[in-house]
Amino acid sequence: MPKPIIAIPADIREFDGTLWHAAQNQYVRAALKVADVMSFIIPAFEEGNDTDALLDRVDGLLVSGSATNVHPSLYGAEAKESDGPFDPARDATTLPLIRRALERGIPLLAICRGIQELNVALGGTLATEIHEQPGIWDHRKPADVERDVAFSIRQDVIVAEGSCIARYLGAGKVKVNSLHRQAISKTAPGLQVEAVAEDGTIEAVSVIGARGFAVGVQWHPEYWAETDKPSRALFEAFGEAVRTYASARALTA
């Protein structure tokens, strides 16, 4: 059986004065090298994408992190310039894909911006500039340091006993690389909190009653997926879920 294929929604980026539909190599590489699946990069458009036509052709959905933020209007808040940068084309692409993938039972792994999109897609809200809130740590990416240092694994999260990701990571403290200035505020009704930072920031969720693997994490397992055991475990679990879905789909084709 050929390798299954997952969808990774693109960001809109500008290079040399030209707009590109782009996905970071670290996500595509982790999908290939650890989850053992191929990837399609899904163009980001504010209108015109056919969500079901896209999902008909893939066996999983990986919603990646990004330098942009979900537009606050999508969760009922007023947008401030400081809340940006924004990528409305990505918002318009990912939110329908997330909702429909869950309805169809297509495996979903949502990372960093992705967990925030998952929460907004299901009716939750986000908190901006969380480092300014009393008692909340500064989770932002360190400035002016080498990328490997910025993404080093140095923060504990507490994985809930009996949670979905406890099957792969174990319960209790797990060290991760969590870098973000926004986080889940009001958790969507359809989500269960799976892990929190020691300051109470929500770091992982799962979809209640999901028909398949449906997990979001605020940290970056893709970055060290080939060498870090917990990071690898998440991608391997996602890959196994994708293969199970692909096999079941092949039987009904």
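The values are calculated or read from the model by the stated rules, or taken from the named source; none is laboratory data. All figures in this text were calculated on a predicted structure; none of them were measured in a lab. Quick reminder, even Gly has a Cβ in these numbers, built from the backbone with ideal geometry, and neighbours come from all protein chains shown. The protein model used for the area step is the full one, side chains on, heavy atoms only, and it has no ligands, DNA or RNA in it. Shrake-Rupley method; radii C 1.70, N 1.55, O 1.52, S 1.80 Å.
What to note about this one:
- In the stretch 165-195, the residues that are surrounded by fewer than 19 Cβ atoms within 10 Å (Cβ to Cβ) and of a type in the set (Val, Ile, Thr): 187, 193
- Hits in the stretch 195-226 - residues which are hydroxyl-bearing (Ser, Thr, Tyr) and either touching a residue at least 60 places away in the same chain (Cβ under 8 Å) or in contact with a Phe, Trp or Tyr (Cβ under 6 Å, 6 or more places away or on another chain) (or both): 201, 223
- Test: residue in the stretch 142-163 that is of a type in the set (Asp, Glu), at pLDDT below 85 and assigned to a helix (DSSP H, G or I): no
- Qualifying residue in the stretch 68-86 (condition: within 29 Å of residue 3 (Cβ to Cβ), open to solvent by less than 70 Å² (accessible area, probe 1.4 Å) and in a loop (DSSP other than H, G, I, E, B)): no
- Filtered residue count, the stretch 42-54, keeping only those that are of a type in the set (A, V, I, L, M, F, W, C) and open to solvent by 70 Å² or more (accessible area, probe 1.4 Å): 1
- Test: residue in the stretch 13-29 that is acidic (Asp, Glu) and over 30 Å from residue 250 (Cα atoms): yes
- Restricting the stretch 153-164 to residues that are out of contact with any helix residue (DSSP H, G or I) (no Cβ under 7 Å at 6 or more places or on another chain) and among the hydrophobic types (A, V, I, L, M, F, W, C) leaves a set whose member that is surrounded by the most Cβ atoms within 10 Å (Cβ to Cβ) is 157.
- Restricting the search to strands (runs of 3 or more DSSP E) fully inside the stretch 186-253 and requiring at least 3 residues that are touching a strand residue (DSSP E or B) at 6+ places or on another chain (Cβ under 6 Å) and either of a type in the set (Phe, Trp, Tyr) or within 19 Å of residue 60 (Cβ to Cβ) (or both) gives 202-207, 214-217.
- When 191, 179, 169, 234 are checked against the criterion of being of a type outside the set (Gly, Ala, Ser), within 20 Å of residue 68 (Cα to Cα) and in contact (Cβ under 8 Å) with a residue 60 or more places away in the chain, 179 stands alone in meeting it.
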